[in-house]
Amino acid sequence: MIDKNKIPCVVGSTGLVGSHLINVLSKIYPEVISVTRVKDDYSFPSVKNVIIDFDNIKNENIFNNNNHLYIALGTTRKKAGSDQNFIKVDYDYCMDLANNALLNGVKRVSIISSVGSNPNSNLLYPRTKGLLEKELSKLSFEHVSVMKPSFILGKRKETRIAEKMGKFLFSLINPFLFGGLMKYKSIHAKDIANAMVHQIISGNNSFNQLEYKELMKCSKKIKL
């Protein structure tokens, strides 16, 4: 059952998955909040843009107990410019948002992580994602759903050569990824967004981690 009195908040709404979240949620709820660093314009009249200082999230008045929180933040090491800046976006900002939301009564949260995340990894990306999941699991939300996709498909605002190559590569290997390897299949951003919405609305009151098979199953349950 969808409670249309709830107001979903999307952080990272200008990104690939975040833009799909805005699209899906605006068709369900009479009001949707997009939380951004700078002003952004939306074609959906139901979307309200709230601008915050991401380096001061702890002191921002963003959420209340009528909100659902969707976190679709993420960057790359190259774009961030350093390990420290990457961790700031993919870990610090996400944890600060979650803690702020919890303190202000938010009960249900969905966030994007990654397949292969591991807090003990020697590699920056999976270690950061793994540590984020580990710390989120300690917070007393009613529901947390963690999306763990592999390569994400979709039209980005900026073109990356590596992503073009990845798209081509996964088009070749996807048919051979089954059984225990299915979790590494590429997935469209829209399916991730749909799965996040389904989990927030109908997911179990627990800490939930979804890989490819579960993501696709949840995505198909959103009918618009």
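The values are calculated or read from the model by the stated rules, or taken from the named source; none is laboratory data. Because the structure is predicted, anything quoted here is derived from the model rather than measured. Virtual Cβ from ideal backbone geometry, glycine too; neighbours counted across all protein chains shown.
Below are the figures for this structure:
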| read-out | value |
| --- | --- |
| Output for segment 205-224, where each listed residue is crowded, with 19+ Cβ neighbours inside 10 Å, in a helix (DSSP H, G or I) and hydrophobic (A, V, I, L, M, F, W, C) | 215, 218 |
| Unmet criterion (only one of (1) closer than 22 Å to residue 189 by Cβ; (2) without any contact (Cβ under 8 Å) to a residue 60 or more places away in the chain; (3) surrounded by fewer than 20 Cβ atoms within 10 Å (Cβ to Cβ)) for residue 33 | (3) |
| Among the candidates 39, 78, 4, residue that is surrounded by fewer than 19 Cβ atoms within 10 Å (Cβ to Cβ), in a helix (DSSP H, G or I) and modelled with pLDDT under 95 | 78 |
| Test: residue in segment 111-124 that is at pLDDT 95 or above, assigned to a helix (DSSP H, G or I) and farther than 22 Å from residue 9 by Cβ | yes |
| Tabulated pairs, segment 68-95, first over 18 Å from residue 117 (Cβ atoms), second of a type in the set (A, V, I, L, M), C-beta under 6 angstrom, 6+ apart or interchain | 68/200; 69/101; 69/106; 69/109; 70/10; 70/21; 70/196 |
| Restricting segment 166-199 to residues that are in contact (Cβ under 8 Å) with a residue 24 or more places away in the chain and touching a Phe, Trp or Tyr at 6+ places or on another chain (Cβ under 7 Å), the residue that is nearest to residue 110 (Cα to Cα) | 196 |
